[in-house]
Amino acid sequence: MELIITLKILILVLSLGTLYAWYQFYQVLIKRCDTCSVGLKASPFRSKCFVGAIFFTTALLLAIYSFTLI
C-alpha cells in the first residue's frame, strides 16, 4: 500500500474519531453524558471527553500536515 493511500485512510479514521469525540464532549456540556467523571459542579473542560477531543483533533491536524508534505 502506498503512503498516500495510507495517509488518506488515517485522515478518514481520525476524522470520524474527532467527530465522535467532540460529540461526546457536547454531551458533557449539555449534561447528558453519564459515562464521564464530571461532577455536577466540575468544569466540563476537565473531563475525559474534552481531553480525548483535543487529542483526536491534534492527531488529525498532524495527519493532514503530513499529507500536505507529500
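Just so it is clear, none of the values below were taken in a lab; they were calculated from the coordinates. If you're wondering where the values come from, they're calculated on a predicted model, not measured in any experiment. In this analysis, Cβ positions are derived from the backbone assuming ideal geometry, glycine residues included, and neighbour counts consider all displayed protein chains.
What full-extension length gain, to one decimal in nm, is calculated for residue 58 and residue 9 as 0.36 nm per residue of separation minus the Cα-Cα distance?
Gain on extension, residue 58 to residue 9, equals 16.0 nm.
Step by step: find N for the chain, compute 2.2 N^0.38 Å, then divide the Cα radius of gyration by it. What's the final number?
It is 1.35.
Would you mind working out the magnitude of the charge dipole of the chain relative to its Cα centre, with +1 at each Lys and Arg C-beta and -1 at each Asp and Glu C-beta, to the nearest 20 Debye?
Roughly 360 debye, rounded to the nearest 20.
Along the charge dipole of the chain, Cβ charges K/R +1 and D/E -1, which of 19, 69, 51 sits furthest on the positive end?
Farthest towards the positive pole: 51.
For residue 42 and residue 16, what does the FRET efficiency come to when R0 = 22 Å and r is the distance between their Cβ atoms, rounded to the nearest 0.05?
0.20
Taking only Cα atoms, what is the 0 to 90° angle, nearest 10, from helix 48-68's long axis to the longest principal axis of the chain?
The angle comes out near 10 degrees.
Taking amide H atoms as placed 1.01 Å from N in the peptide plane, list the residues 5 or more away in sequence, or in a different chain, whose amide H sits under 5 Å from that of residue 33.
Those lying under 5 Å, H to H, from residue 33 are 28.
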